[in-house]
């Protein structure tokens, strides 16, 4: 099987199927409670939900753990990247600049040229800063299944 990489965590195999990699690892690290991983951060900030880079609520500085709404946000970023051809927070290069943009409330995609209105609205809902406004995982699955039935 030949695998080429279009981003750090998005792979394309020889059958032209997209494969997402490494998302499970961040959950394992978060749940392990092992102090060895305290300085590690799973994921890539460019596709990470803004709440993941926010300052912790507690004075102990407990790290923010991955959540389903955070995964939905990342899904929205990946979807829009595939549809518009640009990564989130383009043209920023450095992770620190991306984090600063997130903390300032900037949207990860400034222009969505050529993106179907239905896909645009769905994906922007995934990128909501209100976690409760993001689609539930079941809604994400239903949307994807409905889109696949069109083919």
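The values are calculated or read from the model by the stated rules, or taken from the named source; none is laboratory data. These figures come from a predicted structure and were not determined experimentally. Cβ: placed from backbone, ideal geometry, glycine included. Neighbour counts: every protein chain shown.
A few remarks follow.
- Each residue in region 83-104 was checked for being surrounded by fewer than 21 Cβ atoms within 10 Å (Cβ to Cβ) and under 17 Å from residue 125 (Cα atoms), and 2 of them qualify.
- Given (1) at pLDDT below 70; (2) buried (at least 19 other Cβ atoms within 10 Å of the Cβ), number of the condition residue 49 does not satisfy: (1)
- Residue within region 118-136 that is in a helix (DSSP H, G or I), in contact with a helix residue (DSSP H, G or I) (Cβ under 6 Å, 6 or more places away or on another chain) and closer than 19 Å to residue 53 by Cα present: yes
- Residues in region 79-103 that are more than 19 Å from residue 51 (Cβ to Cβ), within 13 Å of the chain's Cα centre (by Cα) and part of a loop (DSSP other than H, G, I, E, B): 87 only.
- Only one of the numbered conditions (1) over 28 Å from residue 147 (Cα atoms); (2) modelled with pLDDT of 90 or more is violated by residue 89, and that is (1).
- Residue in region 64-82 that is modelled with the lowest pLDDT, counting only those that are farther than 15 Å from residue 128 by Cβ and buried (at least 16 other Cβ atoms within 10 Å of the Cβ): 64
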